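Here's the structure, in structure tokens; my notes come after.
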Amino acid sequence: MTYVPAADRYDRMKYNRCGRSGLQLPAISLGLWHNFGGIDAYENGLAMVRRAFDLGITHFDLANNYGPPPGSAEETFSRMLATDLGNHRDELIVSNKAGYRMWPGPYGEWGSRKYVIASADQSLKRTGLEYFDIFYSHRFDPDTPLEETMMALDTLVRQGKALYVGISSYSADKTAEAATILKELGTPCLIHQPSYSMLNRWVEDELLGVLEEMGIGSIAFSPLAQGMLTDKYLSGIPDDSRAASDTGSLKRGMLTDDALAKIHGLNEIAQGRGQTLAQMALAWVLRDEHVTSVLIGASRVSQIEDSVGALERLDFTMEELAEIDKFATESEINLWARSSEND
Ligand SMILES: NC(=O)c1ccc[n+]([C@@H]2O[C@H](COP(=O)([O-])OP(=O)(O)OC[C@H]3O[C@@H](n4cnc5c(N)ncnc54)[C@H](OP(=O)(O)O)[C@@H]3O)[C@@H](O)[C@H]2O)c1
């Protein structure tokens, strides 16, 4: 049956300006890292994308390597565009990235001009799109001059293959350097995509300050700490969870006693606010005015509905924030969550 999007899809979503740009992003965006690969049930993914769009989620995030197998999430999204969303292309913000291993040999990963441009071309083919709205350097490459990677992003814009560019998981210092180079090239850095959640607060040290100073927006990935900041793991590891899956990036070992104690403490605060833990976790990341959007993942439609419910209560009292700070502190899992090597 032909998909007709909900007529009221723009009524409840909040749209935030991305840094000092003209672009607004939905406060909640959907990523296709897990559950949209070739191994996953297509109908479930389609139902999630439809529901997301019906709820006002206009931004869908991809990367060349999302799957498994790598590249297959782009192919999945291409099918959805062909049957459902393609007629609404101008209502969508589709992002993509290059940085992680995609093909063998020295040109199959990192940040060389050779790799970034070839990868973007492959991604356009796999998705069937003429351009990406945002194209990211997925990770900083210590062995390639930053100028080269940024010039490759600038080239993609000049070739009409990307409208805006961004960087992901770059440190505060490298972000400042990259944004300065991009500005000189005439292609401003629109957005930074870092990990950020109540269990992983590295961005607060310096990065958010750099983004403010340079007028760059941000979209926080894994704001639910891959599902840890939900009620899912409160009493064990369900069989149908990411932590139980062989292909998921959340490992059982990350659910340490320390992490679980924090999750239980935070869950009580969420209940006191009349929210699910997932809703409070998203509202908490969005409390910072430098955060343009939270980039969630989902394995079923009901999770997207629950997460969008966060918008009903975004405010926090000083007392609530202080109480949250007792549990939302640095812990050993942050050593993992800070790194983008898992992506
Ligand atoms: N730039 C980068 O390097 C990078 C790295 C990682 C991710 N990302 C982006 O960020 C996106 C989101 O990452 P993520 O999937 O780790 O985000 P997340 O929102 O922290 O975790 C999503 C997972 O949490 C569980 N979940 C979600 N909503 C729930 C709810 N309301 N109640 C209970 N459980 C819920 C589901 O796990 P179950 O499967 O267990 O149900 C879901 O798959 C990715 O798709 C990708 O676009 C980018």
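Could you tell me whether any residue of the stretch 239-247 is open to solvent by less than 20 Å² (accessible area, probe 1.4 Å) and within 12 Å of the ligand (Cβ to nearest atom)? Yes, the stretch 239-247 contains at least one residue that is open to solvent by less than 20 Å² (accessible area, probe 1.4 Å) and within 12 Å of the ligand (Cβ to nearest atom). Take Ser302 and decide whether it is touching a Cys at 6+ places or on another chain (Cβ under 9 Å) and either within 8 Å of the ligand (Cβ to nearest atom) or in contact (Cβ under 8 Å) with a residue 24 or more places away in the chain (or both). It is false that Ser302 is touching a Cys at 6+ places or on another chain (Cβ under 9 Å) and either within 8 Å of the ligand (Cβ to nearest atom) or in contact (Cβ under 8 Å) with a residue 24 or more places away in the chain (or both). Each residue in the stretch 97-131 was checked for being touching a Leu at 6+ places or on another chain (Cβ under 9 Å), without any contact (Cβ under 8 Å) to a residue 60 or more places away in the chain, open to solvent by less than 40 Å² (accessible area, probe 1.4 Å) and not in a helix (DSSP H, G or I), and 2 of them qualify.
Candidates are the residues of the stretch 78-96 that are over 15 Å from the mean Cα position of the chain (by Cα) and small (Gly, Ala, Ser); the one that is nearest to Thr58 (Cα to Cα) is Gly86.
Counting only helices (runs of 4 or more DSSP H) that sit completely within the stretch 224-343, those holding 1 or more residues that are at pLDDT below 90, within 29 Å of Ala41 (Cβ to Cβ) and not acidic (Asp, Glu) correspond to 333-337. Residues in the stretch 67-82 that are in contact with a Lys or Arg (Cβ under 9 Å, 6 or more places away or on another chain) and in a loop (DSSP other than H, G, I, E, B) were compared, and the one that is least open to solvent (accessible area, probe 1.4 Å) is Gly71.
Inside the stretch 38-66, can you point out the residues that are in a helix (DSSP H, G or I) and touching a residue at least 60 places away in the same chain (Cβ under 8 Å)?
Filtering the stretch 38-66 down to residues in a helix (DSSP H, G or I) leaves 42-54.
The answer is Asn44, Ala47, Met48, Arg51, Ala52.
The values are calculated or read from the model by the stated rules, or taken from the named source; none is laboratory data. Computed from a predicted model, the values in this text were never measured in an experiment. Every residue, glycine as well, gets a Cβ built from its backbone with ideal geometry; the counts of neighbours run over all protein chains shown. With ligands, DNA and RNA removed, areas are computed over all heavy atoms of the protein, side chains included. Shrake-Rupley method; radii C 1.70, N 1.55, O 1.52, S 1.80 Å.
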